[in-house]
1. With labels modelled as points extended 7 Å from the Cα through the Cβ direction, what inter-label distance (nm, one decimal) is found for residue 65 paired with residue 36?
2. Could you order peptides 7-13, 139-145 by the average number of other Cβ atoms within 10 Å of their residues, highest first?
3. Give me the extension gain from residue 56 to residue 258: residue separation times 0.36 nm, minus the current Cα-Cα distance, reported in nm with one decimal.
4. Expected output is a single nm value to one decimal: the length gained when fully extending between residue 43 and residue 17, i.e. 0.36 nm times separation in residues minus the C-alpha distance. What is it?
5. Can you tell me what percent of all Cα-Cα pairs in region 1-62 are more than 18 Å apart?
6. A 19 angstrom limit on the alpha carbon distance is what I want to check against. Which of 192/217; 191/216; 76/217 exceed it?
7. With every protein chain in place, what's the accessible area of residue 207 (1.4 Å probe, Å², nearest 10)?
8. Grab the Cα-Cα distance for residue 141 and residue 180, subtract it from 0.36 nm times how many residues apart they are, and report the gain in nm with one decimal.
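The values are calculated or read from the model by the stated rules, or taken from the named source; none is laboratory data. This structure is a prediction, so every number in the text was calculated from the model and none was measured. In this analysis, Cβ positions are derived from the backbone assuming ideal geometry, glycine residues included, and neighbour counts consider all displayed protein chains. Areas reflect the complete protein model, heavy atoms only, side chains present, ligands, DNA and RNA absent. Shrake-Rupley method; radii C 1.70, N 1.55, O 1.52, S 1.80 Å.
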Amino acid sequence: DTEGLLRIKEENQKHYRRAQRHQEKKEKIQRLNRKLRDLVEKKTFDLKIQYEHLASLRRVHILELTSVIFPIEEVKTSMRDPADVSSESDNAMTSSTVSKLAEARRTTYLSGRWVCDDHNGDTSISITGPWITLPNNGDYSAYYNWVEEKKTTQGPDMEHNNPAHTISAALCYATQFVNTLSLILDVNLPKKLCNRQVNEFCGENLSRHRFTRAVKKLNANILHLCFSQHVNLDLLHPLHTLRNLMYLVSPDTENLGR
């Protein structure tokens, strides 16, 4: 029993010495973890500073781009509200008739259905100049009608003020602008737009199917950029091409460049 007791004591001493070594290793690992945690926190803070600096640089480049090459602004039109004109011509008109006229003014028949648009007839959005605009409600029927008319009309097109020309030019500029924004913001676009597709709007007359498909791809890319920069979703509309772009590059967009 005495020999067994001594043997057990020797084993306990070995375990105790081993436990001390393990405790020292544990404390060493803890010190190393604290050191690494402090280093990671410092690197994370430095990375955040670099991201903020990069975002500010992106923001400066984008605002410079919008002020010099691709200015986007809201253009007021001289069209008056039909309800106001009618009420002036007939003072006996009931309020219900006025409200119905105002409601009719805010709706547009687009692609086989009625679309509500509170800005219809009031303003339009221009890009690169007040003479190149897009309809506020996404109604590009003027382009379709022009293409159909060109199919039946022979000879060169001498009508330089044709709204279809401004629509195609505005969409071409918007596509170029979106591609440039994706490079500055380092955001991959969901719908690829190569140079051939950029020039598609200003090239040959597109059929309604090809034109609609190209516009949908452009609108999808614009919305994707808006989502990436945390633009207020209440301001966006899937059909408002230039208006969504205007909200995206607005100086009021706090997260522009993130």
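1. Result for the modelled spin labels: 4.0 nm.
2. On the way: 7-13: 10.0, 139-145: 18.3.
Top of the packing list down: 139-145, 7-13.
3. Details: separation 202, 0.36 × 202 = 72.72 nm, distance 0.85 nm.
Extra length from residue 56 to residue 258 when fully extended: 71.9 nm.
4. Values: separation 26, 0.36 × 26 = 9.36 nm, distance 3.89 nm.
That pair, residue 43 and residue 17, stretches by 5.5 nm at full extension.
5. Numbers: 1270 of 1891 pairs.
Cα-Cα pairs in region 1-62 separated by more than 18 Å: 67 percent.
6. Working: 192/217 8 Å; 191/216 9 Å; 76/217 28 Å.
From the list (192/217; 191/216; 76/217), the Cα-Cα distance tops 19 Å for 76/217.
7. About 50 Å², rounded to the nearest 10.
8. Numbers: separation 39, 0.36 × 39 = 14.04 nm, distance 2.78 nm.
Roughly 11.3 nm would be gained on extension.
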